[in-house]
Every structure is written in C-alpha cells, then in structure tokens.
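Below is one structure; the comments refer to it alone.
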Ligand SMILES: [Zn+2]
C-alpha cells in the first residue's frame, strides 16, 4: 500500500474516466485539472470518453431545458 509519489503525477485511465463520468473534471482544482488535461492529450481512449461525456451532458442539458416543469404535476403533500 505504499504508492510512490511519482504515480500521483500521472493519472491512470481508471481515475480519469471516473472523474469525467462523475462530472468532477469541471470542479477539479487547477493542478488536478491540468494533469487530467495532460492525460487526455496523451491518451486517445480517455479523450473519446471525454468527448462522449461532453456530448451526453450537452444533450441532457438540452433535454432538461425542453422538458416542461412537470414536477408540479404530481400530488402535493
Ligand atoms: Zn487514459
């Protein structure tokens, strides 16, 4: 369980894809985000994940905007 500090310098694909799918990549502090960006530059697989998630998020946002406010439709307590 003694990870060398060097391993923290480079994020692995698991970490990166998890950050992306959790939507945490936008909330990362500067250095962390820079490391993630660097990984994306070097790693095509994660770049694809990032693109797909970006597309999904945009689509979801649009859907959310177009959906009428049906929260009021349910019975109120
Ligand atoms: Zn990767």
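For the peptides 11-21, 50-60, 35-45, the ranking by mean Cβ contacts within 10 Å, running from highest to lowest, is 11-21, 35-45, 50-60.
So if the hydrodynamic radius of segment 7-64 is defined as the Kirkwood radius over C-alpha pairs, what does Stokes-Einstein give as its diffusion coefficient at 25 °C and 0.890 mPa s, in µm² per second? For the chosen part, D equals 210 µm²/s.
Coordinate-derived values only; no laboratory data. Remember, it's a predicted structure, so these values are computed and weren't measured experimentally. So basically every Cβ, Gly included, is an ideal-geometry build from the backbone, and we count neighbours across all protein chains shown.
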